[in-house]
Amino acid sequence: MGRVFVVDLEGRTYKCKFCKTPLALADELVSKGFHCRRGKAYLFNNAVNITVGTLEERSMLSGMHTVADIFCCCCGQIVGWKYEAAHERSQKYKEGKFVLERGRIVDGFDSEFYIDTHPTMSDAEDA
């Protein structure tokens, strides 16, 4: 096996829960309204640092789709799937997009720059 080169992403990212490898930019997020067997999932226009598995026909809530599971390129954990083809016209917008399972990713915003907009007890006393 060769050397793994990881693409580093600038900005707010979603990372692999298991090894913290960046997988997608928050700017590429299309929808948070997806579901999988293990819970919630997010649809993205693009994903990086993944390997794509074998294509298979899968029956989903929205109909039949040709999909491939996607895996983190660093730790090998399954992180979601890629839509290759949709069999129903209303689902064609998913083609070429990536679904990352919420339970297998973490929001990688940098807490060093996090600004809390909710007043704390001392803030409320000063007002």
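Could you give me the ³J(HN,Hα) list for region 61-70, computed from phi with Karplus coefficients 6.51, -1.76, 1.60 and θ = phi - 60°, whole Hz, x at Gly and Pro?
4, 8, x, 7, 9, 9, 9, 9, 5, 10
Taking the Cβ-Cβ separation of Cys74 and Asn45 as r and a Förster radius of 30 Å, what is the calculated FRET efficiency to the nearest 0.05?
Computed FRET efficiency for Cys74 and Asn45: 0.85.
Testing the spin-label approximation: label points 7 Å from Cα along Cα→Cβ at Glu56 and Phe18. State their distance in nm.
Computed distance between label sites Glu56 and Phe18 equals 1.6 nm.
Expressed as a whole percent, how much of the Cα-Cα distance distribution for region 33-94 exceeds 13 Å?
Here the tail beyond 13 Å accounts for 65 percent of pairs.
Computed FRET efficiency, Cβ-Cβ of Lys92 and Leu29, R0 22 Å: what is it to the nearest 0.05?
After rounding to 0.05, the efficiency reads 0.65.
Every number here is computed from the coordinates shown, using simple stated rules; none is lab data. Remember, it's a predicted structure, so these values are computed and weren't measured experimentally. Counting neighbours? That spans all protein chains shown, and the Cβs are built from the backbone with ideal geometry, glycine included.
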